[in-house]
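Student: Quick one: this structure, given as structure tokens, is what I'll be asking you about.
The values are calculated or read from the model by the stated rules, or taken from the named source; none is laboratory data. For clarity, every value in this text was computed on a predicted model and none was experimentally measured. In this analysis, Cβ positions are derived from the backbone assuming ideal geometry, glycine residues included, and neighbour counts consider all displayed protein chains.
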Amino acid sequence: MERSSEKISSSSSSSSIPSTEDKTANGTCLNLKETELRLGLPGSQSPERKLSLFGQDLETNDKSNGFTGSPLKNLVSGAKRGFSDAIDGSNGKWVFAMNGKSDVELAKGAVLASPRVGLDSKTNPQQAKTSVSVMKVVVGVPQSPKPVQAKNNLVPPVNDHAIAPASKAQVVGWPPIRSFRKNSMASNLAKNSDEGAGCLYVKVSMDGAPYLRKVDLKTYNNYMEFSSALEKMFSCFTIGQCNSSGLPARDGLSESRLMDLLHGSEYVLTYEDKDGDWMLVGDVPWEMFTDSCRRLRIMKGSEAIGLAPRAMEKCKNQN
Amino acid sequence: MGSYSSELKRSKDSDESARRSSFPDEVLERVLSLLKSHRDRSSVSLVCKDWYNAERWSRTHVFIGNCYSVSPEIVARRFPRIRSVTLKGKPRFSDFNLVPENWGADIHAWLVVFAAKYPFLEELRLKRMAISDESLEFLAISFPNFKALSLLSCDGFSTNGLAAIATHCKNLTELDIQENGIDDKGGSWLSCFPESFTSLEVLNFANLTSDINFDALEKLVGRCKSMRVLKLNRSVSLEQLQRLLVSAPQLAELGTGSFSQELTIHEYEDLESTLSNCKNMHTLSGLWDAKGIYLPALYPACSHLTFLNLSYAALQSVELAKLLAHCPRLKRLWVLDTVEDKGLEAVGLNCPLLEELRVFPADPFDDEIVHGVTEAGFVAVSFGCPRLHYVLYFCRQMTNAAVATIVQNCPDFTHFRLCIMNPGQPDYLTNEPMDEAFGAVVKTCTKLQRLSVSGLLTDLTFEYIGRYAKNLETLSVAFAGRSDWGMQCVLGGCPKLRKLEIRDCPFGNAALLSGLEKYESMRSLWMSACNVTMNGCRLLAREMPRLNVEVMKEDGSDDSQADKVYVYRSIAGPRRDAPPSVLTL
């Protein structure tokens with residue numbers, strides 16, 4: 001089955017279901033039978049057997065399919081006996097057996113998960129894409145009668161910032177780090193995002209300019225400062241153009257400066273966000289912008305009317 | 001014949017007394033009092049009855065690795081002259097929340113016996129014990145000579161208990177509060193040291209979070225002229241640090257507070273010159289929220305540094321490299337993996353004397369970032385630091401080849417703790433298990449005492465360990481192995497094994513029971529989320545009456561499964577303070 005190296009998408013996976021692995025030219029394959037969630041130990045398959053996660057063969061360590069070489073992300077074990085609980089296809093319990101009894105089962109490659117999670121074993125490929133994230137929210141799933149982690153295994157946050165460990169579905173006590181360190185690091189992360197410590201360099205390109213620049217978004221507090229900095233940076237390319245449109249003098253910068261630039265229709269400031277979409281700068285609050293901005297493009301106004309899809313395509317192609 | 005044998009006996013007695021008088025007990029005791037190592041002392045005590053007695057009368061420090069292996073009464077009976085006690089309680093996995101909160105290891109019963117038998121007790125060092133504020137107060141008022149209190153990974157107390165210590169212990173020289181589950185109710189405890197109190201030499205409150213009264217601290221540091229260790233918490237600012245250092249330039253160990261205040265040029269220069277006055281400093285830690293621009297202030301103080309603990313300072317590789325250029329004598333380095341492989345390359349280049357490296361993960365729970373350190377960083381360090389013998393390394397990828405290279409460069413490892421953070425992850429280049437990596441470690445590093453394994457591992461790893469790791473004392477295993485055979489190899493092969501801790505491995509009753517004879521020579525065994533059943537544990541308990549076999553059940557688990565098993569040898573018999581969730585078989 002021909003597979004792109006991109007993420008599993010529902011359309012392509014709804015076609016034929018091979019019972020054995022098909023290898024493709026780029027080494028990835030989809031064995032849809034494998035998308036049945038089954039319990040297995042990490043390392044429970046023989047060394048020659050490639051580890052699979054939801055049918056994606058990880059042989060090529062192809063990271064672009066959305067899975068890294070680590071098949072056991074988001075384990076939910078809670079130090080439970082993952083080996084003796086069972087699920088079979090019909091009644092939704094986990095099937096697993098140890099020590100030779102079902103080496104075949106083991107060899108098929110599987111994912112270690114909490115025996116208490118009553119996931120539907122008829123997981124279809126569409127779910128396979130989202131099943132990683134499904135496991136992430138398993139903690140709150142009411143299907144199982146018991147909590148995923150015994151309550152005396154939950155890490156009570158010492159301070160308000162220790163949210164990171166509890167919100168993801170993780171193995172209890174893994175990685176083996178003491179609570180104090182975990183909580184300190186969590187509060188570090190929270191601090192950094194509040195205070196904006198560190199730096200956030202993004203590339204800035206300008207249509208027609210021979211080279212790109214980089215700016216540290218953290219050094220600016222609002223759009224006003226940012227646009228004036230950009231202006232300074234790229235002034236050598238735009239001499240005469242901004243001024244000729246009758247914009248206010250630099251000293252009299254106002255918050256609408258950026259809007260003026262835009263409405264002046266000489267240049268439009270756009271950015272690519274985390275999702276890969278091209279957006280107009282200025283719509284969202286400054287903090288949200290710095291959080292999501294990956295790179296910037298100063299494009300000619302004429303090419304960015306309403307940021308039409310055509311303009312977006314052009315931006316993408318030129319990158 | 002009766003007279004002949006009694007004559008023989010008499011001549012024997014006189015021979016012995018002749019021998020004894022030529023080597024009086026006092027001399028023996030004097031000689032033995034110079035022995036510090038508790039293992040040496042144990043050996044001495046086994047020589048003969050005289051030596052046993054001489055040793056017990058001359059021993060002033062007792063180390064108890066498992067508080068339930070012996071009772072305080074037994075200890076007090078054997079050793080009448082103890083001044084210093086080190087006690088360890090809960091199994092190590094309690095640090096990672098695998099042990100129920102009310103499990104035990106309460107110090108109070110010990111304190112009551114000590115108050116009666118060792119009224120002149122001076123030192124108490126506790127690790128993974130439960131200690132309440134009442135116990136701390138009891139301690140503070142029961143021992144007039146009390147000098148040193150050190151608490152690591154303990155819980156059950158609050159800063160009120162510290163206040164009691166500060167108030168009552170007039171001769172205190174050491175207050176060392178390391179990472180604990182302490183209920184931090186505020187910093188006023190520090191103000192409880194009386195104005196007349198001047199004896200403090202060691203003060204470590206780095207892991208408390210509340211603000212303390214800086215004025216009280218400044219005065220305290222000012223009047224304790226013998227202070228050599230001062231580890232501040234995050235609430236102490238750079239400016240305050242500078243003021244403290246002015247009155248304590250003699251410090252040998254410094255833990256800074258927060259290293260990120262906005263300083264004027266003048267303030268920065270003051271800090272720099274004050275730090276350069278600290279000519280005795282060999283250990284530096286803290287550096288919370290360290291900003292790269294202020295690190296150069298440390299440079300002049302680093303020339304004699306042997307231990308640098310940056311594990312709470314999220315430095316980047318360039319910042320670390322610049323700092324290390326000033327630390328040529330470094331022997332121990334703890335960092336966060338924010339320094340990345342480039343930072344570790346700088347370690348290899350600048351620290352040829354390095355013996356210990358610990359790399360902690362800054363963001364252990366986010367496996368979507370591709371940051372941190374890889375095998376390349378570890379390899380780089382190994383090339384530059386041939387004396388490396390202790391490593392704790394958290395990473396997200398590793399290869400067998402890299403580990404083979406590392407141990408080839410550094411064959412003297414005594415402690416090799418590798419944590420590939422994703423459970424069961426193979427060699428990321430070859431996709432093979434990491435068996436050969438740990439095989440290389442145990443084959444090459446003959447002095448290996450402690451090993452923590454991780455990654456995708458088959459039973460072969462444990463075959464290697466059993467066959468080659470002849471000096472191994474502590475083994476930690478998680479998410480590894482294929483069958484009982486793995487654990488059997490270890491139990492059958494490692495003659496010096498003392499502590500074995502296993503979680504989430506497919507080892508069952510056959511494996512557990514294969515160690516029947518071994519467990520009495522070990523301190524303890526921990527197995528959780530394995531394949532052991534209650535019947536297996538009952539069998540073990542029945543066969544080995546001198547072992548305590550404890551099973552911790554979890555809510556709603558199968559009745560026949562032994563979720564968590566803790567086995568340890570004891571001369572005190574089964575404990576009586578176990579909570580309902582802990583079954584002693």
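Student: Return the total of residues in region B:52-75 being crowded, with 19+ Cβ neighbours inside 10 Å and within 16 Å of B:L124 (Cα to Cα).
Tutor: 6
Student: State yes or no: is A:E287 modelled with pLDDT of 85 or more and either in a helix (DSSP H, G or I) or charged (D, E, K, R) (or both)?
Tutor: So A:E287 does not fit the description; no.
Student: From (1) at pLDDT below 90; (2) more than 24 Å from B:P72 (Cβ to Cβ); (3) not small (G, A, S), pick out the condition that doesn't hold for B:V582.
Tutor: All conditions are met except number (2).
Student: Give the residue, chosen from B:L512, B:L497, B:L472, that is of a type in the set (A, V, I, L, M), within 24 Å of B:C395 (Cβ to Cβ) and not assigned by TED's automatic domain parsing to the domain that holds B:V565.
Tutor: B:L472
Student: Residues that are surrounded by 14 or more Cβ atoms within 10 Å (Cβ to Cβ), at pLDDT 50 or above and not basic (K, R): list the helices (runs of 4 or more DSSP H) wholly contained in region A:193-277 that include at least 2 such residues.
Tutor: A:223-238, A:257-263
Student: What residue, of B:V381, B:V373, is outside any loop (DSSP other than H, G, I, E, B) and either crowded, with 21+ Cβ neighbours inside 10 Å or out of contact with any Cys (no Cβ under 7 Å at 6 or more places or on another chain) (or both)?
Tutor: B:V381
Student: Residues B:D133, B:D183, B:D211: which one is touching a Ser or Thr at 6+ places or on another chain (Cβ under 7 Å) and buried (at least 17 other Cβ atoms within 10 Å of the Cβ)? Steps first, please.
Tutor: On the way: B:D183 fails: buried (at least 17 other Cβ atoms within 10 Å of the Cβ); B:D211 fails: buried (at least 17 other Cβ atoms within 10 Å of the Cβ).
Step by step, each of B:D133, B:D183, B:D211 is checked, and only B:D133 is touching a Ser or Thr at 6+ places or on another chain (Cβ under 7 Å) and buried (at least 17 other Cβ atoms within 10 Å of the Cβ).
Student: Considering only region B:478-486, I want to know if a residue exists there that is touching a residue at least 24 places away in the same chain (Cβ under 8 Å) and away from every other protein chain (no Cβ under 13 Å).
Tutor: Of all residues in region B:478-486, those touching a residue at least 24 places away in the same chain (Cβ under 8 Å) come to B:478-486.
Add one more test, that the residue is away from every other protein chain (no Cβ under 13 Å), and what stays is none.
Checked region B:478-486: no residue is touching a residue at least 24 places away in the same chain (Cβ under 8 Å) and away from every other protein chain (no Cβ under 13 Å).
Student: While we're looking at this one, here's another question. Which numbered condition in (1) over 22 Å from B:S528 (Cα atoms); (2) away from every other protein chain (no Cβ under 11 Å); (3) out of contact with any strand residue (DSSP E or B) (no Cβ under 8 Å at 6 or more places or on another chain); (4) not β-branched (V, I, T) is the only one that B:F438 fails?
Tutor: B:F438 satisfies all of (1) over 22 Å from B:S528 (Cα atoms); (2) away from every other protein chain (no Cβ under 11 Å); (3) out of contact with any strand residue (DSSP E or B) (no Cβ under 8 Å at 6 or more places or on another chain); (4) not β-branched (V, I, T) except (3).
Student: (1) within 28 Å of the chain's Cα centre (by Cα); (2) over 18 Å from B:E463 (Cβ atoms): which one isn't true of B:M534, the others all being true?
Tutor: All conditions are met except number (1).
Student: Within region B:483-513, work out how many residues are in a loop (DSSP other than H, G, I, E, B) and among the aliphatic types (A, V, I, L, M).
Tutor: Result for region B:483-513: 1.
Student: Next up: Quick test for you: out of B:V62, B:V113, B:V99, B:V75, pick the one residue that is under 30 Å from B:V44 (Cα atoms) and in contact (Cβ under 8 Å) with a residue 40 or more places away in the chain. Show your work before the answer.
Tutor: Numbers: B:V62 fails: in contact (Cβ under 8 Å) with a residue 40 or more places away in the chain; B:V99 fails: under 30 Å from B:V44 (Cα atoms); B:V75 fails: in contact (Cβ under 8 Å) with a residue 40 or more places away in the chain.
It is B:V113.
Quick grid of which residues meet (1) farther than 21 Å from B:I406 by Cα; (2) of a type in the set (D, E); (3) touching a residue at least 12 places away in the same chain (Cβ under 8 Å); (4) crowded, with 20+ Cβ neighbours inside 10 Å:
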position: B:L284; (1), (2), (3), (4): yes, no, yes, yes
position: B:Y294; (1), (2), (3), (4): yes, no, yes, no
position: B:P300; (1), (2), (3), (4): yes, no, yes, no
position: B:F307; (1), (2), (3), (4): yes, no, yes, no
position: B:L310; (1), (2), (3), (4): yes, no, yes, yes
position: B:L336; (1), (2), (3), (4): no, no, yes, yes
position: B:P352; (1), (2), (3), (4): no, no, yes, no
position: B:D363; (1), (2), (3), (4): yes, yes, no, no
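Student: Collect the residues in region B:380-404 that are more than 9 Å from every other protein chain (Cβ to nearest Cβ) and within 23 Å of B:A480 (Cα to Cα), keeping them in residue-number order.
Tutor: Selection gives B:Y390, B:V391, B:L392, B:Y393, B:C395, B:M398, B:T399, B:N400, B:A401, B:A402, B:V403, B:A404.
Student: Can you tell me which of B:K499, B:K564 is within 14 Å of another protein chain (Cβ to nearest Cβ) and under 19 Å from B:F96 (Cβ atoms)?
Tutor: B:K564 is the lone residue from the list that is within 14 Å of another protein chain (Cβ to nearest Cβ) and under 19 Å from B:F96 (Cβ atoms).
Student: Could you go through region B:457-476 and let me know if any residue there is surrounded by fewer than 24 Cβ atoms within 10 Å (Cβ to Cβ), of a type in the set (S, T, N, Q), in contact (Cβ under 8 Å) with a residue 40 or more places away in the chain and within 9 Å of another protein chain (Cβ to nearest Cβ).
Tutor: yes
Student: Just one of the numbered conditions (1) part of a helix (DSSP H, G or I); (2) surrounded by fewer than 18 Cβ atoms within 10 Å (Cβ to Cβ); (3) touching a helix residue (DSSP H, G or I) at 6+ places or on another chain (Cβ under 6 Å); (4) not aromatic (F, W, Y) is not true of B:K219; which one?
Tutor: (3)
Student: Assess whether B:A321 counts as being buried (at least 18 other Cβ atoms within 10 Å of the Cβ) and more than 13 Å from every other protein chain (Cβ to nearest Cβ).
Tutor: Working: buried (at least 18 other Cβ atoms within 10 Å of the Cβ): yes; more than 13 Å from every other protein chain (Cβ to nearest Cβ): yes.
Criteria met by B:A321.
Student: Next question. Provide a single number: the residues in region B:76-103 that are outside any helix (DSSP H, G or I), surrounded by fewer than 19 Cβ atoms within 10 Å (Cβ to Cβ) and of a type outside the set (S, T, Y).
Tutor: 5
Student: Given the conditions (1) surrounded by fewer than 21 Cβ atoms within 10 Å (Cβ to Cβ); (2) over 21 Å from the mean Cα position of the chain (by Cα); (3) closer than 26 Å to B:W288 by Cα, which single one is not true for B:F197?
Tutor: (3)
Student: Looking at region B:355-364, which of its residues are within 15 Å of B:L310 (Cα to Cα) and either part of a strand (DSSP E or B) or more than 12 Å from chain A (Cβ to nearest Cβ) (or both)?
Tutor: Selection gives B:E356, B:L357, B:R358, B:V359, B:F360.
Student: Suppose we filter B:E554, B:E550 for residues that are in a strand (DSSP E or B) and either buried (at least 18 other Cβ atoms within 10 Å of the Cβ) or more than 29 Å from the chain's Cα centre (by Cα) (or both); which single one remains? Please lay out each step first, then the result.
Tutor: Working: B:E554 fails: in a strand (DSSP E or B).
Criteria check complete, one pass: B:E550.
Student: Test of understanding: among B:L175, B:L241, B:L203, B:L151, which residue is buried (at least 21 other Cβ atoms within 10 Å of the Cβ), in contact with a helix residue (DSSP H, G or I) (Cβ under 7 Å, 6 or more places away or on another chain) and aliphatic (A, V, I, L, M)? Please lay out each step first, then the result.
Tutor: Details: B:L241 fails: in contact with a helix residue (DSSP H, G or I) (Cβ under 7 Å, 6 or more places away or on another chain); B:L203 fails: in contact with a helix residue (DSSP H, G or I) (Cβ under 7 Å, 6 or more places away or on another chain); B:L151 fails: in contact with a helix residue (DSSP H, G or I) (Cβ under 7 Å, 6 or more places away or on another chain).
Being buried (at least 21 other Cβ atoms within 10 Å of the Cβ), in contact with a helix residue (DSSP H, G or I) (Cβ under 7 Å, 6 or more places away or on another chain) and aliphatic (A, V, I, L, M) holds for just one of B:L175, B:L241, B:L203, B:L151, which is B:L175.
Student: Could you tell me whether B:S43 is of a type in the set (G, A, S), part of a loop (DSSP other than H, G, I, E, B) and modelled with pLDDT of 85 or more?
Tutor: On the way: of a type in the set (G, A, S): yes; part of a loop (DSSP other than H, G, I, E, B): no; modelled with pLDDT of 85 or more: yes.
It is false that B:S43 is of a type in the set (G, A, S), part of a loop (DSSP other than H, G, I, E, B) and modelled with pLDDT of 85 or more.
Student: Could you tell me how many of the residues in region B:413-435 are within 14 Å of another protein chain (Cβ to nearest Cβ) and either under 16 Å from A:I177 (Cα atoms) or in contact with a Cys (Cβ under 6 Å, 6 or more places away or on another chain) (or both)?
Tutor: Residues meeting the conditions: 7.
Student: When the residues of region B:446-456 are filtered to those that are touching a Leu at 6+ places or on another chain (Cβ under 9 Å) and of a type outside the set (A, V, I, L, M), which remaining residue is farthest from the other protein chains (Cβ to nearest Cβ)? Break it down stepwise before answering.
Tutor: Start the filter on region B:446-456 by keeping residues that are touching a Leu at 6+ places or on another chain (Cβ under 9 Å), which leaves B:448-456.
From what is left, the residues that are of a type outside the set (A, V, I, L, M) are B:449-450, B:452, B:454-455.
On the way: B:Q449: 18, B:R450: 14, B:S452: 8, B:S454: 9, B:G455: 8 Å.
Among them, the one singled out is B:Q449.
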